[in-house]
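J.: Before anything else, here's the structure in question.
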Amino acid sequence: MPPPQLVKAARDVASYLREKARENALFQVVSHLDADGIAAASIISTSLTRLNARFHVRIIQQLSRKSLERIPRRERVFVFTDMGSGQLKLLEESLQEDTVVIDHHPPEEGGGRLIHFNPHLFGLDGGVDVSGAGAAYLVAREIDVKNRDLSPLAIVGALGDRQDKGKQRSLTGLNAEIAREGVEHGILQEVKDLIVFGRETRPIPVALEYTTDPFIPGLSGNHGACLKFLVERVQIPLKAGDRWRTIAELSREEKARLVSELVKYMLGPGNMSADEAQSIIGTVYVLSREREGTPMRDAREYASLLNACGRTGRTGLGLAICMGERKRSLSEAAEAVDEYRVKLADYINWVEGEGMKKRKNLYWFSGVGRIDVRMVGTVASILASSKKYQSKVIVGLAYSNEEDCIKASIRLGKGGENVDLGELVRRVMERMKLETAAGGHELAAGAYIPVGKEEEFLMLLDEELGMGGCGGR
Ligand code: C5P
Ligand code: ZN
């Protein structure tokens with residue numbers, strides 16, 4: 001069970017929401033664009049639907065004065081999920097009505113007038129113990145015990161936020177307890193299996209090709225090589241009649257063969273560490289009530305699907321799926337996943353081909369007019385994980401319509417040390433006297449800067465890194 005004070009706090013938020021629903025209030029749910037944010041919003045939305053409450057949902061990339069101004073606010077009860085804890089003062093200043101924040105990001109001081117629910121306030125770590133969707137679930141199950149059927153969405157959110165940091169890529173802390181609730185209710189299964197993309201849905205060579213976590217050099221992203229590897233090394237039937245088989249269909253012996261050949265490959269030609277090779281086997285979370293062969297069966301694939309929906313502008317579709325729509329939306333979701341993949345590959349090729357520029361202490365690219373702002377962070381992250389940019393700082397820029405600003409995503413390549421990107425960005429923002437949204441941690445940071453200030457921003461970043469400030473070298 002979660003700590004009793006946390007349960008009590010969730011119960012208080014739940015009573016408040018129930019009370020407002022009884023008064024026929026109009027709710028405005030506002031949530032974050034990623035998989036966790038969409039899952040969190042849908043948990044609250046389903047709970048409100050079950051209370052017969054009226055509500056609107058808005059999914060945004062960044063919570064700021066500007067994005068708040070765009071949302072009609074009169075006589076609405078605002079419920080922020082997976083965002084808000086870092087902007088308590090802003091929310092308190094901007095919103096007159098009562099406002100609820102259900103989040104798992106580290107909270108800032110202040111915001112005493114808000115109804116604020118965050119596991120950090122009870123000594124838990126929102127980075128790994130529980131996600132935004134998990135926090136929303138804790139509230140939902142206090143609104144009504146029936147909402148316990150939403151626990152799988154909390155797991156989807158946690159995996160979307162990569163909180164599977166336990167042994168064999170398992171969830172820990174409160175996430176593990178929520179998973180246990182799902183298992184007890186017969187709606188979730190935890191199995192040890194190969195962690196590949198599309199384990200339930202894709203032909204085996206495609207599943208292997210699409211697996212990028214872990215990234216398998218020579219196989220990830222290379223269809224021909226995957227097919228060759230399977231045919232020559234693994235030698236299991238890839239088709240049943242005319243139809244391609246999936247990983248989920250393999251017999252125990254076939255799977256053992258595949259795993260053993262894969263690990264051999266990863267340790268040999270793949271040049272990967274034993275730890276990395278082992279991470280191909282791990283804890284798979286199966287939503288047992290979802291139809292077999294659909295992307296919602298495997299919680300990781302479900303999270304990828306929501307992420308693709310969010311980052312290709314199909315947030316309504318992501319929400320609909322989480323809220324139970326299973327007809328037209330499935331083919332549209334497949335389109336979102338494909339579009340996301342194609343765009344990402346195009347962006348990466350472009351940056352690697354001509355977009356990437358070098359300064360003394362950093363690499364940078366401007367995706368303004370070229371890269372969708374919702375994907376610039378992902379592009380920077382993928383590049384940062386490649387060997388080429390080992391221990392290098394990468395800055396990606398794109399134009400944000402939502403903020404009418406340039407968005408910068410900053411990442412540190414593997415092996416980088418002695419630099420704290422969060423600290424770096426805070427210093428540069430201070431030197432530029434900017435108060436626009438910015439922040440981050442050691443390995444990743446983001447900032448919004450006014451159009452036209454890109455050059456100054458890059459120059460100062462480079463300078464700070466060169467000075468050895470923020471531990472830069
Ligand atoms: O937006 P992006 O993915 O580039 O951000 C990387 C990290 O920087 C986020 O995970 C978040 O921790 C932090 N960030 C922040 N405030 C912002 C933008 C990003 O704290 N306005
Ligand atoms: Zn989150």
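J.: Any idea which of 85, 42, 67, 47 is away from ligand 2 (no atom under 16 Å from the Cβ) and modelled with pLDDT of 95 or more? Even if it seems obvious, please write down each step before you answer.
T.: Values: 85 fails: away from ligand 2 (no atom under 16 Å from the Cβ); 42 fails: away from ligand 2 (no atom under 16 Å from the Cβ); 67 fails: modelled with pLDDT of 95 or more.
None of the other options fit; the residue is 47.
J.: While we're on this one: Out of contact with any Asp or Glu (no Cβ under 8 Å at 6 or more places or on another chain), exposed (fewer than 15 other Cβ atoms within 10 Å of the Cβ), farther than 24 Å from residue 165 by Cβ and not small (Gly, Ala, Ser): does that describe residue 242?
T.: Criteria met by residue 242.
J.: Follow-up. Can residue 51 be described as away from ligand 1 (no atom under 16 Å from the Cβ) and either open to solvent by 10 Å² or more (accessible area, probe 1.4 Å) or among the aliphatic types (A, V, I, L, M) (or both)?
T.: Values: away from ligand 1 (no atom under 16 Å from the Cβ): yes; either open to solvent by 10 Å² or more (accessible area, probe 1.4 Å) or among the aliphatic types (A, V, I, L, M) (or both): yes.
Considered against the rule, which asks whether it is away from ligand 1 (no atom under 16 Å from the Cβ) and either open to solvent by 10 Å² or more (accessible area, probe 1.4 Å) or among the aliphatic types (A, V, I, L, M) (or both), residue 51 comes out as yes.
J.: Of all residues in the range 433-452, count the ones that are under 23 Å from residue 383 (Cβ atoms) and open to solvent by 50 Å² or more (accessible area, probe 1.4 Å).
T.: 4
J.: Name the pairs: first residue in the range 178-192 and in a helix (DSSP H, G or I), second residue of a type in the set (S, T, N, Q), Cβ to Cβ under 7 Å, at least 6 apart or on different chains?
T.: Between residues of the range 178-192 that are in a helix (DSSP H, G or I) and residues that are of a type in the set (S, T, N, Q), the close pairs are 178/151; 181/151; 182/151; 183/189.
J.: Are any residues in the range 361-388 more than 12 Å from ligand 1 (Cβ to nearest atom), open to solvent by less than 10 Å² (accessible area, probe 1.4 Å) and closer than 17 Å to residue 212 by Cα, and if so, which ones?
T.: Correct list: 383 only.
J.: Being outside any helix (DSSP H, G or I), more than 16 Å from ligand 2 (Cβ to nearest atom) and crowded, with 20+ Cβ neighbours inside 10 Å narrows it down to one residue among 130, 77, 101; which is it? Give the derivation first.
T.: On the way: 130 fails: more than 16 Å from ligand 2 (Cβ to nearest atom); 101 fails: more than 16 Å from ligand 2 (Cβ to nearest atom).
Within the list 130, 77, 101, the selection yields 77.
J.: A further question on this structure: Within the range 154-170, can you find the residues that are open to solvent by less than 10 Å² (accessible area, probe 1.4 Å) and either of a type in the set (A, V, I, L, M) or over 15 Å from the mean Cα position of the chain (by Cα) (or both)? Outline the logic, then answer.
T.: Filtering the range 154-170 for residues open to solvent by less than 10 Å² (accessible area, probe 1.4 Å) gives 154-158, 163.
Across the range 154-170, the qualifying residues are 154, 155, 156, 158.
J.: Among the listed residues 402, 430, 423, 417, which satisfies the condition of being closer than 23 Å to residue 66 by Cβ and open to solvent by 60 Å² or more (accessible area, probe 1.4 Å)?
T.: On the way: 402 fails: open to solvent by 60 Å² or more (accessible area, probe 1.4 Å); 423 fails: closer than 23 Å to residue 66 by Cβ; 417 fails: closer than 23 Å to residue 66 by Cβ.
That would be 430, the only listed residue that is closer than 23 Å to residue 66 by Cβ and open to solvent by 60 Å² or more (accessible area, probe 1.4 Å).
J.: Between 409, 400, 381, 386, which is under 25 Å from the mean Cα position of the chain (by Cα) and within 16 Å of ligand 2 (Cβ to nearest atom)? Outline the logic, then answer.
T.: On the way: 409 fails: within 16 Å of ligand 2 (Cβ to nearest atom); 400 fails: within 16 Å of ligand 2 (Cβ to nearest atom); 386 fails: within 16 Å of ligand 2 (Cβ to nearest atom).
None of the others qualify; the one that does is 381.
J.: Which numbered condition trips up residue 67, out of (1) more than 14 Å from residue 117 (Cα to Cα); (2) of a type in the set (S, T, N, Q); (3) open to solvent by 20 Å² or more (accessible area, probe 1.4 Å); (4) assigned to a helix (DSSP H, G or I)?
T.: Only one criterion is unmet by residue 67, namely (3).
J.: Out of all the residues in the range 179-190, which are more than 19 Å from residue 323 (Cβ to Cβ) and either open to solvent by less than 20 Å² (accessible area, probe 1.4 Å) or within 14 Å of ligand 2 (Cβ to nearest atom) (or both)? Let's see the steps before the verdict.
T.: Within the range 179-190, the subset more than 19 Å from residue 323 (Cβ to Cβ) is 179-181, 183-184, 186, 189-190.
Result: 179, single match.
J.: Could you check residue 25 against (1) open to solvent by less than 10 Å² (accessible area, probe 1.4 Å); (2) away from ligand 1 (no atom under 16 Å from the Cβ) and say which number it fails?
T.: (1)
J.: Taking interchain pairs and intrachain pairs at least six residues apart, which have beta carbon atoms under 7 angstrom, with the first residue in the range 1-14 and part of a helix (DSSP H, G or I) and the second acidic (Asp, Glu)?
T.: Going by the 7 Å Cβ cut-off, the qualifying pairs are 10/142; 11/142; 14/142.
J.: Next up: Within the range 93-149, which residues are within 16 Å of ligand 1 (Cβ to nearest atom), in contact with a strand residue (DSSP E or B) (Cβ under 7 Å, 6 or more places away or on another chain) and in contact (Cβ under 8 Å) with a residue 60 or more places away in the chain?
T.: Once the filter is applied, which keeps residues that are within 16 Å of ligand 1 (Cβ to nearest atom), in contact with a strand residue (DSSP E or B) (Cβ under 7 Å, 6 or more places away or on another chain) and in contact (Cβ under 8 Å) with a residue 60 or more places away in the chain, the range 93-149 yields only 132.
J.: Which one is surrounded by the most Cβ atoms within 10 Å (Cβ to Cβ) among residues in the range 258-286 that are in contact (Cβ under 8 Å) with a residue 24 or more places away in the chain and of a type in the set (Ser, Thr, Tyr)?
T.: Going through the qualifying residues, I end up with 285.
J.: If a residue has to be buried (at least 16 other Cβ atoms within 10 Å of the Cβ) and outside any helix (DSSP H, G or I) to count, how many in the range 225-237 make the cut?
T.: First, pick out the residues of the range 225-237 that are buried (at least 16 other Cβ atoms within 10 Å of the Cβ): 225-227, 229-230, 234, 236.
With the extra rule that they be outside any helix (DSSP H, G or I), the set shrinks to 236.
Matching residues across the range 225-237 total 1.
J.: Another question, if that's okay. Is one or more of the residues making up the range 279-295 in a helix (DSSP H, G or I) and in contact with a strand residue (DSSP E or B) (Cβ under 9 Å, 6 or more places away or on another chain)? Walk me through it before giving the result.
T.: Pass one, the range 279-295, residues in a helix (DSSP H, G or I): none.
Within the range 279-295, not a single residue is in a helix (DSSP H, G or I) and in contact with a strand residue (DSSP E or B) (Cβ under 9 Å, 6 or more places away or on another chain).
J.: Of the residues that make up the range 217-224, is at least one surrounded by fewer than 19 Cβ atoms within 10 Å (Cβ to Cβ), assigned to a helix (DSSP H, G or I) and not β-branched (Val, Ile, Thr)? Before the answer, list the steps.
T.: As a first pass, look at the range 217-224 and keep what is surrounded by fewer than 19 Cβ atoms within 10 Å (Cβ to Cβ): 217-218, 220-224.
Of the ones still in play, those that are also assigned to a helix (DSSP H, G or I) are 223-224.
In the following step, the residues that additionally are not β-branched (Val, Ile, Thr) were identified as 223-224.
Within the range 217-224, one or more residues are surrounded by fewer than 19 Cβ atoms within 10 Å (Cβ to Cβ), assigned to a helix (DSSP H, G or I) and not β-branched (Val, Ile, Thr).
The values are calculated or read from the model by the stated rules, or taken from the named source; none is laboratory data. Being a predicted model, the structure only gives us computed values, none of them experimental. Positions of Cβ are backbone-derived with ideal geometry, glycine not excepted, and every protein chain shown enters the neighbour counts. Just the protein is used for accessible areas: all its heavy atoms, side chains included, with ligands, DNA and RNA removed. Shrake-Rupley method; radii C 1.70, N 1.55, O 1.52, S 1.80 Å.
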